[in-house]
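Quick notes on the structure that follows.
The numbers here are math on the coordinates, done by the rules we state, and not lab data. Only a predicted model underlies this, so the values are computations on that prediction, with no experimental measurement involved. Cβ placement follows ideal geometry from the backbone for every residue including glycine, while neighbour counts extend to all protein chains displayed.
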Amino acid sequence: MNGPMNAAPVAAKKLKVATTSLAGCFGCHMSFLDIDERIIKLLDLIEFDRSPLTDIKHCGPCDLGLIEGGLCNAENVHVLREFRSNCKIIVAVGACAINGGLPAQRNHLDLRDILEEVYQTEAGLSHGGIPNDPELPLPLNQVHPIHEVVKVDYFLPGCPPPADAIWKLLTDLLAGRTPTLGHGLLHYD
Amino acid sequence: MNDTNNSFQLDGEDLPFTPGQTIMQAAKAAGVYIPHLCWHPDFPAHGSCKLCTVKVNGRFGSSCTMEAQAGMTVENRTAELDDKRRTMLQMFFVEGNHFCPSCEKSGDCALQATAYELKMMSPHFDMFYPDRPVDASHPDILLDFNRCIMCSLCVTASREVDGKNVFAMGGRGILGRRIHINSESGRLADTDFALSDRAANICPVGVILKKRKGFAVPIGDRRYDKTPINEQVKEPTA
């Protein structure tokens, strides 16, 4: 199959991939970069569209959208919807995209109480008041996972998912297989 | 008495049993994994989590409560049953606050390990995010009710083994039902609960936690990090 007669196969069209971090910590993106030199092999197969890695601000038509983080403010919801309407496949990457994760641990508290404590009453702060610049997206009352707002095709758990799990997901998808994770790669922590 | 009188079929394999054993007990003795959460080998079956549901001669039943009978045909790890079990696990995960990355029990947790075994990739349903305050009053034990799955093993262990009756189930409905502490104040510090109690060492999830011990074994080196739960059927249970 890979003999000299077939040394120069026709280059397949590269898959377009977009990534974003919503209410996340960029840890999943860092774990993605932990695939190390495999990223060079990956770049033969994919091309990045909107992503913190390219600084492209809006998503064009894509084959794959990788979403890190849950939804904690209105802008997160807009970005998620932009990804869903442009990407054929959406993957929820990491604990926060899947169940809200650490940011969702504010969910049993009242949003106003949180903001007042952080910006007004807590000792040692400048007490400058709750920020209300019109450019700031409004926080949601609760943090939500992304599957509560759009259809999600695949889920990749972990905090963060190990680089090998991200690699497995990508190579499975690129090969046209349903992604699966065995023991050791499927982790919620 | 020949062998057929003392065996039944589990997923197509002959499984021996001792008369009086439940399907779950016979399977455990043979090292065969039937997913379960509320069942514990040292205590009478509670039959509440329904994760151990199998099909016996074509009908659903809880393997922890059904007695093994010679010649019965039992389905266990079929796609149909594992699909239903995965859905039940998803319900457990959305009903509580199960944030594994910040949980001390991660890697030693039966709920998490069972979800790995059944390849649960997402909670699927909308999250409840219930408000369940913790009880940190006791000097040696933290109770984090966010992770409680109402298996009631602590209730049974405290009553039957420790003779203390520290815990009780109470309340109604998904958000109302919870573990209550048997003291005037409702706080664990005002009971005679102790680290050495059986009940302090039986929680399958991350509710009853020993203070100052949380990360003695690092994440990644824990029981179910190393070996999947279905390969630890004969290992001693906490």
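Before moving on, here are some points about what is shown:
- Here each label is just a point 7 Å from Cα along the line to Cβ, and for residue B:217 and residue A:151 those points are 4.3 nm apart.
- Counting only DSSP H runs of at least 4 residues, each contributing -39500 (n - 2.57), and dividing by the residue count of chain B, the helix-based mean residue ellipticity at 222 nm comes to -5000 deg cm²/dmol.
- Aspartates and glutamates with Cα under 15 Å of residue B:164, excluding same-chain neighbours fewer than 8 positions away: B:184, B:190, B:192, B:197
- Nearby aspartates and glutamates by direct alpha-carbon distance to residue A:57 (threshold 15 angstrom, same-chain neighbours under 8 apart not counted): A:49, A:75, A:82
- Solvent-free Debye calculation, one equal scatterer per alpha-carbon of the stretch B:84-221: log10 I(q)/I(0) at 0.13, 0.22 Å⁻¹ equals -0.57, -1.47.
- Applied to the stretch B:111-121, the Karplus parametrisation 6.51 cos²θ - 1.76 cosθ + 1.60 on θ = phi - 60° returns per-residue 3J(HN,Hα) values of 5, 5, 5, 5, 5, 4, 4, 8, 6, 7, 9 Hz, with x for Gly and Pro.
- The protein assembly as shown: radius of gyration and largest Cα-Cα distance (Dmax), Å: 24.8, 85
- Extent along the principal axes, Cα only, for chain B: 58, 39, 37 Å, with the longest axis given first.
- Put the Cα centre of the stretch B:44-90 next to the Cα centre of the stretch B:171-202 and the gap is 30 Å.
- Overall, the stretch B:84-221 carries a charge dipole of about 360 debye about its Cα centre when +1 sits on the Cβ of Lys and Arg and -1 on the Cβ of Asp and Glu, all other atoms neutral.
- When you restrict to C-alpha pairs under 8 Å that are six or more residues apart and normalise by the size of chain B, the relative contact order lands at 20 percent.
- DSSP bridge pairs, the protein assembly as shown: antiparallel proportion in percent, nearest 5: 55 percent
- Within 10 Å of each Cβ in B:121-134, the average number of Cβ atoms from other chains: 5
- Quotient of C-alpha Rg and 2.2 N^0.38 Å, computed over the stretch B:184-232: 1.48
- Considering all different alpha carbon pairs of the stretch A:45-130, the Kirkwood hydrodynamic radius works out to 15.2 Å.
- Residue B:53 long-range amide H proximity, modeled H, under 5 Å: B:63
- A crude spin-label estimate for the pair residue B:11 and residue B:50, with each label 7 Å from Cα along the Cβ direction, gives 2.2 nm.
- All lysines inside 24 Å of residue B:234 as judged from Cα atoms, apart from same-chain residues fewer than 8 positions distant: B:28, B:50, B:55, B:105, B:119, B:226
- Cleavage-rule hits, GluC sites (Glu not before Pro), the stretch A:44-141, DSSP coil, Cβ neighbours within 10 Å at most 11: A:122, A:135
- Sequence-ordered 3J(HN,Hα) estimates for the stretch B:40-48 from the Karplus curve with 6.51, -1.76 and 1.60 and θ = phi - 60° stand at 9, x, 7, 10, x, 5, 9, x, 9 Hz, glycine and proline given as x.
- Per-residue shielding of B:158-164, expressed as the average number of other chain Cβ atoms within 10 Å of the residue Cβ, stands at 0.
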